[in-house]
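Beneath this line is the structure, given in structure tokens, with notes to follow.
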Amino acid sequence: MRMRSYQVCECGAPLKLAETDVPTPQGAQVLLKMLAAGVCHSDLHIWDGYYEVGGGKRLNLVERGIKLPLTMGHENVGEVIEVGPEASGVKVGDVRLVNPWIGCGQCKVCRRGEENLCLKPQSLGVYAQGGYATHMLVPHTRHLFDIGRLSPRDAAPLACSGVTAYSALKKVQATLKDEPVVIVGAGGVGLMGVTLARKMGASEVIAVDIDPAKREAALAAGATKTIDGAAPDAVKQVHAATGGGAWAVIDFVGSSQTVNLAIGSIVKGGTVVVVGLFGGDVTVPTPFLPLRAMTLRGSYVGSHREIAELLELVNRTGMPQVPIRTRPLDEVSAALGDLRAGKVVGRVVLTA
Ligand SMILES: [Zn+2]
Ligand SMILES: [Zn+2]
């Protein structure tokens, strides 16, 4: 049997189609036939090979251990077609969501269930081969999740945009029910944040975006108010909408401008969670940290347990109201191009 995969062979250069033999799963490995692969904004950074870190500097991903050629794609659902001799818990024909945020599996961090924070990341579609392909090898059955009554197309984005939004929201759960939560950036992950916030009990969700189409999508996804992030008085508007400043702002963009907006928008005791990887830098006067009792923290994807919780939440309460468009696998380069051009509202999912 042959497999097709779309690979990054050189940073920034067009993806190349590779045809190889389908691998045979060894040990605890599982072979999936791909059913759905979500296209994520972070693929653009992986493809380019760097993140902007402000002041014209870049964080080089190849120097940090990403090896080429690489098949990207980390939001994957597939059907089990072969299992290794030591694989247990799944059988041929099962449809599974793949947790791509995996670590070494051995260290203390991994053993307490936070493989997404392992110092030796093996993330599928980032450090190891991902799902922009007809087939995919998953190293262990513990990375596979039953999607319940969800369709593969709907479930795929939960592996990254879903769990990323969910994990960020959990970090402000203490005030989620009785204070407005501010979501900055209503792209694919931000919209997921809006809709999951409502599912998690938030009564007021304020979405900030510079694009009117994305503000419209945020309202459709359950936002109770939107603010134009490009307005010169955007921070003032957040203060007015939250009754004097927000307890929780989640920044799904992560640019200098949006993080500054987020910091300016919080009330004393408030928290800013930065999720987006747009890039840039901020300067915070150090006395502000104690005097405003502020928390500025990051959140990176999510843990094994959070994926399980999210699947349970979505199976119980229904799919997030995020528009999903499917495209054939062979259009992966065009799909990434549209994402880079800002033409995608919601999520694109590739189907084999
Ligand atoms: Zn992603
Ligand atoms: Zn580890």
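A few points about this structure:
- In segment 106-120, the condition of being in a strand (DSSP E or B), in contact with a helix residue (DSSP H, G or I) (Cβ under 8 Å, 6 or more places away or on another chain) and open to solvent by 30 Å² or more (accessible area, probe 1.4 Å) is met by no residue.
- Residues of segment 187-221 classified as open to solvent by less than 10 Å² (accessible area, probe 1.4 Å), assigned to a loop (DSSP other than H, G, I, E, B) and without any contact (Cβ under 8 Å) to a residue 60 or more places away in the chain, total: 1
- The listed residues are His74, His140, and the only one of them that is surrounded by 16 or more Cβ atoms within 10 Å (Cβ to Cβ), at pLDDT 95 or above and away from ligand 1 (no atom under 16 Å from the Cβ) turns out to be His140.
- Which numbered condition Trp101 misses (of (1) under 25 Å from Leu313 (Cβ atoms); (2) of a type outside the set (S, T, N, Q); (3) out of contact with any Pro (no Cβ under 9 Å at 6 or more places or on another chain); (4) within 15 Å of ligand 2 (Cβ to nearest atom)): (3)
- Residue match in segment 54-66 (condition: more than 16 Å from ligand 2 (Cβ to nearest atom), closer than 19 Å to Leu137 by Cα and out of contact with any Lys or Arg (no Cβ under 9 Å at 6 or more places or on another chain)): yes
- Of all residues making up segment 32-45, the number that are out of contact with any strand residue (DSSP E or B) (no Cβ under 7 Å at 6 or more places or on another chain) and farther than 22 Å from Pro323 by Cβ: 0
- In segment 159-179, the residues that are part of a loop (DSSP other than H, G, I, E, B) and either within 16 Å of ligand 2 (Cβ to nearest atom) or surrounded by 22 or more Cβ atoms within 10 Å (Cβ to Cβ) (or both): Cys160, Val172
- Residues that are part of a loop (DSSP other than H, G, I, E, B) and out of contact with any Asp or Glu (no Cβ under 8 Å at 6 or more places or on another chain) were ranked within segment 337-352; the one that is modelled with the highest pLDDT is Ala341.
Residue-by-condition table, conditions (1) over 30 Å from Ala262 (Cβ atoms); (2) within 16 Å of ligand 2 (Cβ to nearest atom); (3) open to solvent by 30 Å² or more (accessible area, probe 1.4 Å):
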{"position": "Val95", "(1), (2), (3)": "yes, no, yes"}
{"position": "Ala133", "(1), (2), (3)": "yes, no, no"}
{"position": "Gly148", "(1), (2), (3)": "yes, no, yes"}
{"position": "Gly185", "(1), (2), (3)": "no, no, no"}
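- Qualifying residue in segment 174-181 (condition: among the β-branched types (Val, Ile, Thr), touching a residue at least 24 places away in the same chain (Cβ under 8 Å) and touching a strand residue (DSSP E or B) at 6+ places or on another chain (Cβ under 9 Å)): yes
- Filter result for Val172 (in contact with a Ser or Thr (Cβ under 9 Å, 6 or more places away or on another chain) and either at pLDDT 95 or above or hydroxyl-bearing (Ser, Thr, Tyr) (or both)): yes
- Any chance Asp154 is part of a helix (DSSP H, G or I), open to solvent by 10 Å² or more (accessible area, probe 1.4 Å) and among the acidic types (Asp, Glu): yes
- Selection count, segment 287-336, where residues are part of a loop (DSSP other than H, G, I, E, B) and within 16 Å of ligand 1 (Cβ to nearest atom): 7
- Out of Glu10, Glu19, sole residue that is surrounded by fewer than 19 Cβ atoms within 10 Å (Cβ to Cβ), more than 30 Å from Ala87 (Cα to Cα), charged (D, E, K, R) and more than 16 Å from ligand 2 (Cβ to nearest atom): Glu10
- Answer residue from segment 270-293, given it is surrounded by 14 or more Cβ atoms within 10 Å (Cβ to Cβ) and in contact with a Lys or Arg (Cβ under 8 Å, 6 or more places away or on another chain) and is farthest from Asn116 (Cα to Cα) among those: Arg292
- When segment 244-269 is filtered for residues that are among the small types (Gly, Ala, Ser) and in a helix (DSSP H, G or I), the ones remaining, listed by number, are Ser256, Ala262, Gly264, Ser265.
The values are calculated or read from the model by the stated rules, or taken from the named source; none is laboratory data. Small disclaimer: the values here were computed from a predicted structure and weren't measured. Every residue, glycine among them, receives a Cβ derived from its backbone with ideal geometry; neighbour counts consider all protein chains shown. Ligands, DNA and RNA are excluded from the accessible area calculation, which covers all protein heavy atoms including side chains. Shrake-Rupley method; radii C 1.70, N 1.55, O 1.52, S 1.80 Å.
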